[in-house]
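Engineer: Below you will find the structure I want to go over with you.
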Amino acid sequence: MRKNVRKFAPVLILIPLLFILTGCGQDPVTKSGMLLDTVVTVTLYDGTQEDLDAAFTAISGWDDRLDAFSDTSEIGQINSETPTVLSDEIYGLLKDSVTFSGTSSDAFDPVLGSLIDLWHIQDPEEREAPTQEQIDEARSHSGTNLLILDDSAKTAVLTDSEASVNLGADAKGFVGDQIKTLLEERGVKHGLINLGGNIVLIGGKSDREDFTIGIDNPFDTSKDPIATLTLSDVSIVTSGDYQRWFTDSSGKKYHHILDPSTGYPAESGLTQVVVVAESSETADMLSTTLFVMGKEKGLEFLKEIDPDGKIGAVFTEKDGTVTVTENLKGKFELNTEYQDELAVSWS
Ligand code: ADP
Ligand code: MG
């Protein structure tokens, strides 16, 4: 959401995390652009150029409204302490984020801006990590207890001038859901929205064919996908420690998913989490949260919030262990070239 750093966004994070592996349908139309601080691509199998243009106009509009660093955006106005009445949609997203933060015991924190700005993890460059003192200070200005929401007035007020709202972990999911609804209302039945690796599927590739989506190799994104997911009409969202990071002079790597309880990049043993859910907003919040929690705690948390087992997840640990939820049986397939490297188990 950070406009002034967009032009510096490294090539690595621009590479979509997931690749579309299927062949073409009947004359699909496609459009790409830089929005939401990432590469956005929309491909429609039964849509028109006008549908694509309408989708991009809408994404650009959401981008402006969600930008945490613009004084005129809805989120920016909260951060610059300008009293503002929020739109129903953005108030709803903020409310969802705060509620989910509580459910996740603060592993997910939409008021983590002070710490996110301190770490400023964007580029694969070499620099030093912030000091413990700086981290403690930034942590003291984070947390949803610093944000007062008023459901009837639709206002959000920060009680700490050093605190800020940052919806980097769920804004793309929210926008994905909005664009899917917009395109469906325009009559699109088969399409794929890719917001920097946050995938939203509209139906299948055709009435008879699912989409086949590749899961990035978290150990080396230039290599072939480690597995595929064959699915329709759901969202697939990935969080990983290889997406945005820097290294210090000793070679230690710091990535962009922060554990609010320590103030440091999460060290949960995971290198990647993929979440499959009907709602992209939910999938986005969850991918970040499960990454912070780690596999064991993450699987327990999933059972707690989704007792019917509707949400799917793929956890890849740094040691090459891949754990896939049972509800993805028949949909998840390991790429045979990794059979000796990766150990898959079901949970
Ligand atoms: P991405 O959006 O890069 O695909 P995520 O959805 O996992 O990946 O979101 C990571 C972004 O969310 C970070 O760049 C940061 O802005 C923000 N963030 C990092 N840690 C947390 C956290 N624990 N809770 C909420 N937001 C976070
Ligand atoms: Mg996320």
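Engineer: Pairs, please: C-beta under 6 Å, at least 6 apart or cross-chain, first residue more than 16 Å from residue 260 (Cβ to Cβ) and open to solvent by 10 Å² or more (accessible area, probe 1.4 Å) and in segment 276-300, second more than 16 Å from ligand 2 (Cβ to nearest atom) and not in a loop (DSSP other than H, G, I, E, B)?
Structural biologist: Here the result reads 295/323, each pair linking segment 276-300 to a residue that is more than 16 Å from ligand 2 (Cβ to nearest atom) and not in a loop (DSSP other than H, G, I, E, B).
Engineer: To continue, here is another question. Tell me, which strands (runs of 3 or more DSSP E) lie completely within segment 277-347 with 2 or more residues that are more than 19 Å from the chain's Cα centre (by Cα) and not small (Gly, Ala, Ser)?
Structural biologist: 321-324, 332-334, 343-346
Engineer: Any chance you could count how many residues in segment 175-196 are more than 15 Å from residue 47 (Cβ to Cβ), out of contact with any Phe, Trp or Tyr (no Cβ under 8 Å at 6 or more places or on another chain) and crowded, with 24+ Cβ neighbours inside 10 Å? I'd like the intermediate steps shown before the answer.
Structural biologist: Kept after step one, since they are more than 15 Å from residue 47 (Cβ to Cβ), are these residues of segment 175-196: 175-178, 195-196.
Those left that are additionally out of contact with any Phe, Trp or Tyr (no Cβ under 8 Å at 6 or more places or on another chain): 176-177, 195-196.
Pick out the ones that are also crowded, with 24+ Cβ neighbours inside 10 Å and you get 176, 195.
Count: 2.
Engineer: In addition: Starting from segment 321-347, take each residue that is in contact (Cβ under 8 Å) with a residue 40 or more places away in the chain and list its partners that are open to solvent by 40 Å² or more (accessible area, probe 1.4 Å) and assigned to a loop (DSSP other than H, G, I, E, B), counting only C-beta distances under 8 angstrom and pairs at least six apart or across chains.
Structural biologist: 335/224; 337/224
Engineer: I'd like to know if segment 106-118 contains one or more residues that are aromatic (Phe, Trp, Tyr), open to solvent by less than 60 Å² (accessible area, probe 1.4 Å) and touching a His at 6+ places or on another chain (Cβ under 9 Å).
Structural biologist: Restricting attention to segment 106-118, the residues satisfying the condition of being aromatic (Phe, Trp, Tyr) are 108.
Imposing the further condition that a residue be open to solvent by less than 60 Å² (accessible area, probe 1.4 Å) reduces the set to 108.
In the following step, the residues that additionally are touching a His at 6+ places or on another chain (Cβ under 9 Å) were identified as none.
Checked against the condition, which is being aromatic (Phe, Trp, Tyr), open to solvent by less than 60 Å² (accessible area, probe 1.4 Å) and touching a His at 6+ places or on another chain (Cβ under 9 Å), segment 106-118 yields no hits at all.
Engineer: Also, quick follow-up: Out of all the residues in segment 237-268, which are at pLDDT 95 or above, near ligand 1 (Cβ under 10 Å from one of its atoms) and in contact with a helix residue (DSSP H, G or I) (Cβ under 7 Å, 6 or more places away or on another chain)?
Structural biologist: Matches in segment 237-268: 237, 238, 239, 257, 258, 259, 266.
Engineer: Next question, about the same structure. Name the single residue that is nearest to residue 99 (Cα to Cα) among those in segment 158-174 being open to solvent by 30 Å² or more (accessible area, probe 1.4 Å) and within 16 Å of ligand 2 (Cβ to nearest atom).
Structural biologist: So in segment 158-174, the residues open to solvent by 30 Å² or more (accessible area, probe 1.4 Å) come out as 159, 161-162, 168, 172.
The next check asks that each one be within 16 Å of ligand 2 (Cβ to nearest atom); those that pass are 168, 172.
Working: 168: 16, 172: 18 Å.
Checked segment 158-174; the qualifying residue nearest to residue 99 (Cα to Cα) is 168.
Engineer: In addition: (1) exposed (fewer than 13 other Cβ atoms within 10 Å of the Cβ); (2) among the hydrophobic types (A, V, I, L, M, F, W, C); (3) under 21 Å from residue 38 (Cβ atoms): which one isn't true of residue 93, the others all being true?
Structural biologist: (1)
Engineer: Just to confirm my filter: which strands (runs of 3 or more DSSP E) fall fully inside segment 189-262 and include at least 2 residues that are within 14 Å of ligand 2 (Cβ to nearest atom)? Lay out the reasoning, then the answer.
Structural biologist: Working: elements: 191-195, 198-202, 211-215, 227-231, 235-240, 245-247, 253-255.
Ranges flagged: 198-202, 235-240.
Engineer: Now for a different question. Looking at (1) closer than 30 Å to residue 251 by Cβ; (2) out of contact with any strand residue (DSSP E or B) (no Cβ under 9 Å at 6 or more places or on another chain); (3) open to solvent by less than 60 Å² (accessible area, probe 1.4 Å); (4) assigned to a helix (DSSP H, G or I), find the lone condition where residue 136 falls short.
Structural biologist: (3)
Engineer: Please indicate, with yes or no, whether at least one residue in segment 149-157 is free of Cβ contacts under 8 Å to residues at least 60 places away in the same chain, assigned to a strand (DSSP E or B) and open to solvent by less than 80 Å² (accessible area, probe 1.4 Å).
Structural biologist: yes
Engineer: Right, next: Given the conditions (1) at pLDDT 95 or above; (2) more than 20 Å from residue 237 (Cβ to Cβ), and given that residue 101 satisfies all but one, which numbered condition is not satisfied?
Structural biologist: Just one mismatch for residue 101, condition (2).
The values are calculated or read from the model by the stated rules, or taken from the named source; none is laboratory data. It should be emphasised that the depicted structure is a prediction, and the values quoted were computed from it without experimental measurement. Note: ideal-geometry Cβ built from the backbone for every residue, glycine included; neighbour counts use all protein chains shown. These accessible areas exclude ligands, DNA and RNA; they are computed on the full protein's heavy atoms, side chains included. Shrake-Rupley method; radii C 1.70, N 1.55, O 1.52, S 1.80 Å.
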